[in-house]
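Quick notes on the structure that follows.
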Amino acid sequence: MTTVRFLGIGEQKDRRSVRLSPATVSYLQATPLTVILAAFLLVPILMILVVSFWDYDFAQMYPDFLTMNYTETLGSWVTWKIYLNTLKYALMVWALTLFIGFWVAYFLAFHIRTTAMQMVLFLVCTVPFLTSNIIRMISWIPVLGRNGLVNSLLIDAHVISEPIEWLLYSDFAVVLAMVHLYTLFMVTPIFNTLMRIDKSLVEAARDAGASSWQTLTNVILPLAKPGMAIGTIFVVTLVMADFSTVQVMSGGQSASVALMMKNQMSLLQYPAAAANAVVLLALVLLMVAGILRIVDIRKEL
């Protein structure tokens, strides 16, 4: 015999699910990402900051609170020259990638009519990323070397009588390799921004009698600034943290902050490397903050 039990009003209320406020739900949804960022971003940065104040010798580190590492970093003219050299690389690579990246993105967005062909050509741009950065960087050596492809062609064409030495193992080679490696990081955000521009704005400018140059400078460039800012952040941060390209393409004749930190870590000078990492991080954050003050990129995020 089946017994049927009727719940009272009070029991029915107890069985109802508890409704949370929208603010509480938002905090709960953001909790997993907050935990991940804290564990894999904030904690390592705090550890680097703590280690940057430790003492060390040729064998080990000693927990302490010393400003010696920062004094040696900021008080050495050699270190300042390395920082200036890194900023020089960042500025040159940023200018070249911005110029190349904008015109590639502009061509894809405004001169390719069909969306399918735009996607195909954009995917073609990403083909080099199917290989590692090291392979793409080293591939320049047989092209730019003393007996490489460029020098051989120029000599065979009787343009030069002897090989050009500065094509490889120089600042030119470093900048060229970095532009090759990081241009796509400028193309992608600019292309995304240009694709969002309402084409009727361009048509209205042309109907108003604006030339192609006036349309570019008064309509397209102002609307493309968020994508250019995002690409700038990508390229600058990548160049500032690059050490392998500087080491290989300069032949050890040039230096960057990241390469200096790599050498310090190879010598077990971890607190000194941590101090340089903190200074470099602060410098990059100041540059990013300056970009964000100039251009509002929240619409692109």
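The values are calculated or read from the model by the stated rules, or taken from the named source; none is laboratory data. If you're wondering where the values come from, they're calculated on a predicted model, not measured in any experiment. Cβ sites come from the backbone with ideal geometry, for glycine too, and all protein chains shown count toward neighbours.
Computed quantities for the displayed model
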{"quantity": "From 93, 150, 159, residue being farther than 30 Å from residue 198 by Cα and either of a type in the set (Lys, Arg) or not in a helix (DSSP H, G or I) (or both)", "calculated": "159"}
{"quantity": "Options 129, 102, 65; residue that is in contact (Cβ under 8 Å) with a residue 12 or more places away in the chain, out of contact with any Leu (no Cβ under 6 Å at 6 or more places or on another chain) and part of a loop (DSSP other than H, G, I, E, B)", "calculated": "65"}
{"quantity": "Residue list for segment 222-232, filter: farther than 19 Å from residue 133 by Cα and either under 11 Å from the mean Cα position of the chain (by Cα) or not charged (D, E, K, R) (or both)", "calculated": "222, 223, 224, 226, 227, 228, 229, 230, 232"}
{"quantity": "Residues located in segment 216-269, provided they are of a type in the set (Ser, Thr, Tyr), closer than 21 Å to residue 52 by Cα and buried (at least 20 other Cβ atoms within 10 Å of the Cβ)", "calculated": "256"}
{"quantity": "Selection count, segment 122-166, where residues are loosely packed, with under 13 Cβ neighbours inside 10 Å, under 30 Å from residue 108 (Cβ atoms) and touching a helix residue (DSSP H, G or I) at 6+ places or on another chain (Cβ under 9 Å)", "calculated": "4"}
{"quantity": "Number of the exception - residue 234 against (1) touching a Gly at 6+ places or on another chain (Cβ under 9 Å); (2) free of Cβ contacts under 8 Å to residues at least 60 places away in the same chain", "calculated": "(1)"}
{"quantity": "Per-region count, segment 193-215, residues buried (at least 18 other Cβ atoms within 10 Å of the Cβ) and not β-branched (Val, Ile, Thr)", "calculated": "2"}
{"quantity": "Subset of segment 151-176 (residues that are within 27 Å of residue 243 (Cα to Cα), among the aliphatic types (A, V, I, L, M) and modelled with pLDDT of 90 or more)", "calculated": "173, 174, 175, 176"}
{"quantity": "Unique match (being out of contact with any Asp or Glu (no Cβ under 8 Å at 6 or more places or on another chain), under 30 Å from residue 256 (Cα atoms) and either among the polar types (S, T, N, Q) or touching a residue at least 12 places away in the same chain (Cβ under 8 Å) (or both)) among 161, 170, 152", "calculated": "170"}
{"quantity": "Among (1) under 20 Å from residue 97 (Cβ atoms); (2) in contact (Cβ under 8 Å) with a residue 40 or more places away in the chain; (3) not charged (D, E, K, R) - the single one residue 197 does not satisfy", "calculated": "(1)"}
{"quantity": "Options 224, 205, 275, 255: the member that is over 17 Å from residue 92 (Cα atoms) and either charged (D, E, K, R) or at pLDDT below 90 (or both)", "calculated": "205"}
{"quantity": "Every residue from segment 270-301 that is without any contact (Cβ under 8 Å) to a residue 40 or more places away in the chain and surrounded by 17 or more Cβ atoms within 10 Å (Cβ to Cβ)", "calculated": "273"}
{"quantity": "Selection count, segment 260-269, where residues are within 19 Å of residue 83 (Cβ to Cβ) and without any contact (Cβ under 8 Å) to a residue 40 or more places away in the chain", "calculated": "5"}
